[in-house]
Each structure stands twice: as structure tokens, then as C-alpha cells.
Amino acid sequence: MGKGYKWTLLSILATSTFLTACGSSNNEKNINGNDNVNTNSSTNNVVKTDKTDNQNSEDNEGLNNMQDVRVKLTCNNEKVIVKLYDNPTSRDFFDQLPLTVTFKDYANIEKISVLDQRLTTKDAPSGSDPSVGDFAYFSPWGNITLFYGYHGLSNGLIKLGKIESGVEKLKSINDDFKVTIENLD
């Protein structure tokens, strides 16, 4: 091999390495058109975080802070308590309360109910990996769901909260059932 050929290959290799390194930092910067990006390693989803979301949470028409907000789901004098997460979809759900909905079993792992009004998906991850006790919104179908079994990663699933008590009651309900959902005060 000639000297000129080796230098050309070395030059191409060095340039490729440099461009690859520069490209990775630009990818993080440009995902969702925002410089502030967090990667959720458990689901490998990219979640956009805007500095103004935390500062302007009080601009939401509904509840300002969801840190200690719990809702009560009542069916046949049985209660399930859910602690809501603080995100735009949970706040949008809370703004619709009180609700009376009908749940049905789906795939022997969750109870689902289609909402009359779709919830916002603003700033939501592309999907979630739910676990037993998760209360979530499945945006493609517009339904809320209560997980009592295990489910894998699901695109379009947004976690609204976590069941604190009563999850064991869900599994034993076989038929469709009406539930009243209201703020727990």
C-alpha cells in the first residue's frame, strides 16, 4: 500500500470519528426540538422536559400541584384509592372529575373504560411499561386503565397514577362494572 493511500484512509477515519462524536451531542439537542431532553433508561423513551413546565404549573386551569392528590374509585361500596402523578395528562383527567364510567376486563391483566373526552398527551412519553397497580391512559383508544396483571411496554400508554389500596379487588370482578371516580377529600 502506498503512503498516500494510507494517509487518505487515516484522514477519513479521523473525520468519521470526529463527525460521529459531534453527531451524538446534536441528536440529544434536537430530539423533539428541545435542548432539554431526559432519557428514561428503564423504557428507553425520550421525555421532553421544558424548564417552563415546572415554573408555570400554576398556569394550568385545573389543579396546580398534584403531589398529594388522591382519587377514589367506588364500585358496589368497595373503594380503590389512586395517588395521581403530576403530569399534564393527570391534571386533565382530574379536571374531568367527578366521573361515572363503566369498566370491563381486557386480556385478564387490566380493567379499561373509554372516556367521553380524550385527555391531553402534551409532554407525554411515547410509551410506558406498566406494572401491577398502575392507573394509566391509553391515548390511541382514549381509555383509562387499571392494571392488576403484568403487561409489557405499550406505545401510547401514559401513567396517571398508582393504586395505593384495593388493587386486589379488581382481579375478582368478572363482569362489566360501573365506577364513580372522584377527588378523595
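The values are calculated or read from the model by the stated rules, or taken from the named source; none is laboratory data. These numbers come from a predicted model, not from an experiment. Because the Cβ atoms are built from the backbone with ideal geometry, glycine has one as well, and the counts that use them run over all protein chains shown. Quick note on the areas: whole protein, heavy atoms, side chains included, nothing else; ligands and nucleic acids left out. Shrake-Rupley method; radii C 1.70, N 1.55, O 1.52, S 1.80 Å.
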Query - Interchain or long-range residues, amide H under 5 Å from Gly156's placed H - result: Gly127, Ser128
Report task. Rounded to the nearest 0.05, what FRET efficiency do Glu164 and Thr102 give with R0 = 25 Å and r taken as the Cβ-Cβ distance? Could you check? Result -> 0.65
Requested in this report: Give the Rg/Rh ratio for the stretch 71-185, taking Rg as the radius of gyration of the Cα atoms and Rh as the Kirkwood radius, to two decimals.
Outcome: 0.92
Query raised in the report: Can you tell me the accessible area per residue over the stretch 96-185, all protein chains present, probe 1.4 angstrom, in square angstrom?
Result: 50
Report task. Write down the radius of gyration of the stretch 88-138 and its Dmax, each obtained from C-alpha positions, in Å. Result -> 11.8, 30
Query raised in the report: Given a 1.4 Å probe and every protein chain left where it sits, what share in percent of the accessible area of the stretch 109-185 is carbon and sulfur?
Result: 48
Query raised in the report: What is the extension gain from Lys122 to Asn183, computed as 0.36 nm multiplied by their sequence separation minus the C-alpha to C-alpha distance, in nm to one decimal?
Result: 19.7 nm
Report task. Please go through the residue pairs Lys122/Lys171; Lys122/Lys178; Lys83/Lys111 and name each one whose alpha carbons sit more than 21 Å apart in this structure. Result -> Lys122/Lys171; Lys122/Lys178
